[in-house]
1. Could you state, as a whole-number percent, how many of the C-alpha pairs of the chain are farther apart than 26 Å?
2. Please list, in order along region 122-128, the HN-Hα scalar couplings obtained from phi with the Karplus expression 6.51 cos²θ - 1.76 cosθ + 1.60 (θ = phi - 60°), rounded to whole Hz, x for Gly and Pro.
3. Listing R39, R182 from the residue with the fewest other Cβ atoms within 10 Å to the one with the most, what is the order?
4. Going by amide H atoms built from the backbone, whose H comes under 5 Å of the H on L110, apart from near neighbours?
5. For Q53, what residues show an amide H to amide H distance below 5 Å, using hydrogens built from the backbone and excluding near sequence neighbours?
6. Only loop residues by DSSP count here, and only those with at most 16 other Cβ atoms within 10 Å; note down the trypsin sites (Lys or Arg not before Pro) in region 130-226 that meet that.
7. Within 10 Å, at most 15 other Cβ atoms, and a DSSP state outside H, G, I, E, B define an exposed site. Report the longest part of the chain free of exposed chymotrypsin sites (Phe, Trp or Tyr not before Pro).
8. What dipole magnitude, in Debye to the nearest 20, does the chain give about its Cα centre under +1 on Lys/Arg Cβ and -1 on Asp/Glu Cβ?
Amino acid sequence: MRIDILSVVPDLLHSPLQHSIMKRAQQKGLLEVQVHDLRDFGLGKHRQIDDYQFGGGAGMVMMVEPLSNCIESLKAERTYDEIIYMTPDGQRLNQSISNQLSLKGNLMLLCGHYKGIDERIREHYITMDISIGDYVLSGGELAAAVVVDSIGRLLPGVLNDETSALFDSFQDDLLAPPVYTRPAKFKDWEVPSVLLSGHDAKIEEWRYEQSLKRTEERRPDLLERQ
Ligand code: ADE
């Protein structure tokens, strides 16, 4: 999968995508992420990318021309399955959206800044708007990093134990069960004995019950959706 990210602060994106699982996904050639500096498409000698909004009001708006030029230059090279705008007024990201996006080939993510982007970009290029939650970030970069991470770990071959993503929280609209590692006893805190029993069916049943219990206690809304 290839993901192109358009940003005015590309440095914000470099570190989150260069470690751990995202690093491995790229090293294995399963994920290619290219970050494009919108400033390179800025107008005039100051490489202008934003301007005052028509009708007045505080806050700058990202201009249509630099954004269009950048998007067109990328579209000339490949076809995009989705051109996604990161925005608090978008569809709220969830596991189901990440699963669907992980099946695509080429994605473009546009990070907004300031007051937003000229609406004509949304009308003519954007195919999907994503929000990562009901709060406003300074820009779409951190949100884009969240999207890339949540998709990247789902690509076949990225995780060592491929099945492990299947048991993530939210995969069945259930939260993941508790996990433990050695030692089996610390102070007088013991690991549930079923996990040490070696009885696979019982362990699976225990995990399912724990998932259900945890979901009922913490996120009953997930159960109502089923
Ligand atoms: N840009 C600013 N806030 C955002 C949010 N909550 N989700 C996605 N993009 C954003």
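Every read-out reported here was derived from the displayed coordinates using simple, explicitly stated rules and does not represent laboratory data. This is a predicted model, so every value here is computed, not measured. Using ideal geometry, Cβ is built from the backbone for each residue, glycine included, and neighbour counts are taken over all protein chains shown.
1. Percentage above 26 Å: 48.
2. Taking θ as phi minus 60°, the curve returns 5, 5, 9, 10, 6, 10, 7 Hz for region 122-128.
3. Working: R39 16, R182 7.
Listing R39, R182 from fewest to most nearby Cβ atoms yields R182, R39.
4. Excluding prolines and chain starts, which carry no amide H, the hits are L6, I84, Y85, M86.
5. For Q53, whose amide H was placed from the backbone, the distant partners under 5 Å are V61.
6. Working: sites: R153, K185, K187, K202, R207, K213, R214, R218, R225; in loops: R153, K187, R225.
Filter output for region 130-226: K187, R225.
7. On the way: sites that count: F54, Y135, Y180.
In short, 55-134.
8. On the way: 25 positive and 35 negative charges, 119 e Å.
I would put it at about 580 debye.
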